[in-house]
């Protein structure tokens, strides 16, 4: 399989401080990759770099044939104004933006697609509710429905199952597996290591640097998890400029 | 009797018909913009920008008296300048946009009043501060109608990105580049409609026909399209009833219109079906499911 995403010595961060440091590697098309690591390990930062919200401080992220705007992205804490008067149907319908744009008509076919997406996440009957009335789990289901409609080749999920009950998490995980089966590339930041071991063939263990990257069972070993946990979270204000030119290769 | 009060003034006097046409056009353009201002929590920003228009319009007045085009042009330039400057100051410095706008608007108001006073009389000053919807001439009416038309067309074009940007800005950024242009176009519409309302209601009340109807709409519906409709209708009703009120009493037209809108707002606040006070106090027995 061809590489879909390529990281070439990527450093991402804020105010010159690296949050992801010298990451090099490839993600093959159609892979299902879990990104694990302690809080502050750089998982969200890495995802922001992939979808183009954050520019790398150094190195490059190659997207191959996909445009940055063809990557569907579910942020960790979506910046959604829940008091805004919009119905669940309309909100999910915005997932069709790529194909409909400013003026594209919303005909029977589109309505049916939105309905299918809503029923896939178990929100049938919620069409006319305003988004402010949804619970946290229902909100997450709704966001997954929008991801379904985006029909993207690369899907990036930042801690999608946080504060979600087991049933909802299972339902949403089934969607993730369905995307995998359809040949889409899926990346997910996760903390539930059992879930990762059960469903994700590959894992990137991140602690600012890549601690390990590869087959899940070989990545999530006790000693490597310990190594990841030892990472120092705080930025050093007096840190010298990084001098490493060529870091060791780590690739899946 | 009812005819005498409600219809006769408009049948008899041309200036009343003109004024009515004027407020209807203002409602069509201004109220939807007001709804978006409210939903983006920018109601006070609109107010501040309305004051910011004053020095521009005043300089136009200084150069060519109560000339429509000079004052419109001056107002547009001043409005855009302040909108852009406030945005730049907020982005470049630590000061938040609302604080920088407050500074700009105080300076603008003082400057505007000073400039008008240099050349004009107190009557002119009153005209600039509170407008005079009863003195709309053909040209002004055409300008107002033109601006309202432009507003509705542009709003239709940027509707989707504008709505998505309000609800989920990060999503819009990840799927499209339309966010920033839509925001700029919206700010331009705000300025255009403020200048529009300025002719009829003056600098101090200009936002009244934008923000009050938006507030009214919020209490009656949870759907944004319906909100637009309620806002436009309540603005039109306020305009019409305000004109009648000012015809029957000695209240000037501008304040009369805004007062009527305020009464409707108060009623909505009390009895509105969406989050009105009575609804909150007496919600009725809870449902089964």
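Of the helices (runs of 4 or more DSSP H) that lie entirely inside the stretch B:90-181, those containing 3 or more residues that are away from chain A (no Cβ under 12 Å) and in contact (Cβ under 8 Å) with a residue 60 or more places away in the chain span B:97-119, B:122-130, B:138-167.
Scanning the stretch B:213-232 for residues that are in contact with a helix residue (DSSP H, G or I) (Cβ under 7 Å, 6 or more places away or on another chain) and assigned to a loop (DSSP other than H, G, I, E, B) yields B:219, B:220, B:221. Taken together, the residues in the stretch A:127-139 that are within 14 Å of another protein chain (Cβ to nearest Cβ), surrounded by 15 or more Cβ atoms within 10 Å (Cβ to Cβ) and in contact with a helix residue (DSSP H, G or I) (Cβ under 7 Å, 6 or more places away or on another chain) amount to 4.
If you check A:62, A:137, A:101, A:93 for being within 25 Å of residue A:51 (Cα to Cα) and assigned by TED's automatic domain parsing to the domain that holds residue A:26, only one passes: A:62.
Please work out if residue B:73 is closer than 21 Å to residue B:22 by Cβ, more than 14 Å from chain A (Cβ to nearest Cβ) and under 23 Å from the mean Cα position of the chain (by Cα).
On the way: closer than 21 Å to residue B:22 by Cβ: yes; more than 14 Å from chain A (Cβ to nearest Cβ): yes; under 23 Å from the mean Cα position of the chain (by Cα): yes.
Yes, satisfied.
For residues that are farther than 22 Å from residue A:159 by Cβ and either in contact with a strand residue (DSSP E or B) (Cβ under 8 Å, 6 or more places away or on another chain) or free of Cβ contacts under 8 Å to residues at least 24 places away in the same chain (or both), scanning just the stretch A:16-35, find the one that is surrounded by the most Cβ atoms within 10 Å (Cβ to Cβ). Step by step, filter the stretch A:16-35, then rank; the result is A:22. Against the condition surrounded by fewer than 21 Cβ atoms within 10 Å (Cβ to Cβ), part of a helix (DSSP H, G or I) and either in contact with a helix residue (DSSP H, G or I) (Cβ under 7 Å, 6 or more places away or on another chain) or more than 14 Å from every other protein chain (Cβ to nearest Cβ) (or both), how does residue A:111 come out, does it pass? When the stated conditions are applied, residue A:111 passes them.
The set of residues in the stretch A:55-100 being within 7 Å of chain B (Cβ to nearest Cβ) and assigned to a loop (DSSP other than H, G, I, E, B) consists of A:75, A:78, A:79, A:80, A:81, A:84, A:85, A:86.
Looking across the stretch B:62-71, the residues that are surrounded by fewer than 24 Cβ atoms within 10 Å (Cβ to Cβ) and part of a helix (DSSP H, G or I) come down to B:62, B:63, B:64, B:68, B:69, B:70. Just one of (1) outside any helix (DSSP H, G or I); (2) out of contact with any strand residue (DSSP E or B) (no Cβ under 8 Å at 6 or more places or on another chain); (3) within 17 Å of residue A:118 (Cα to Cα) trips up residue A:173, so point out which. Among (1) outside any helix (DSSP H, G or I); (2) out of contact with any strand residue (DSSP E or B) (no Cβ under 8 Å at 6 or more places or on another chain); (3) within 17 Å of residue A:118 (Cα to Cα), residue A:173 violates only (1).
The values are calculated or read from the model by the stated rules, or taken from the named source; none is laboratory data. Since this is a predicted model, take the numbers as computed values, not measurements. As a convention, Cβ positions derive from the backbone with ideal geometry for all residues, glycine included, and neighbour counts pool all protein chains shown.
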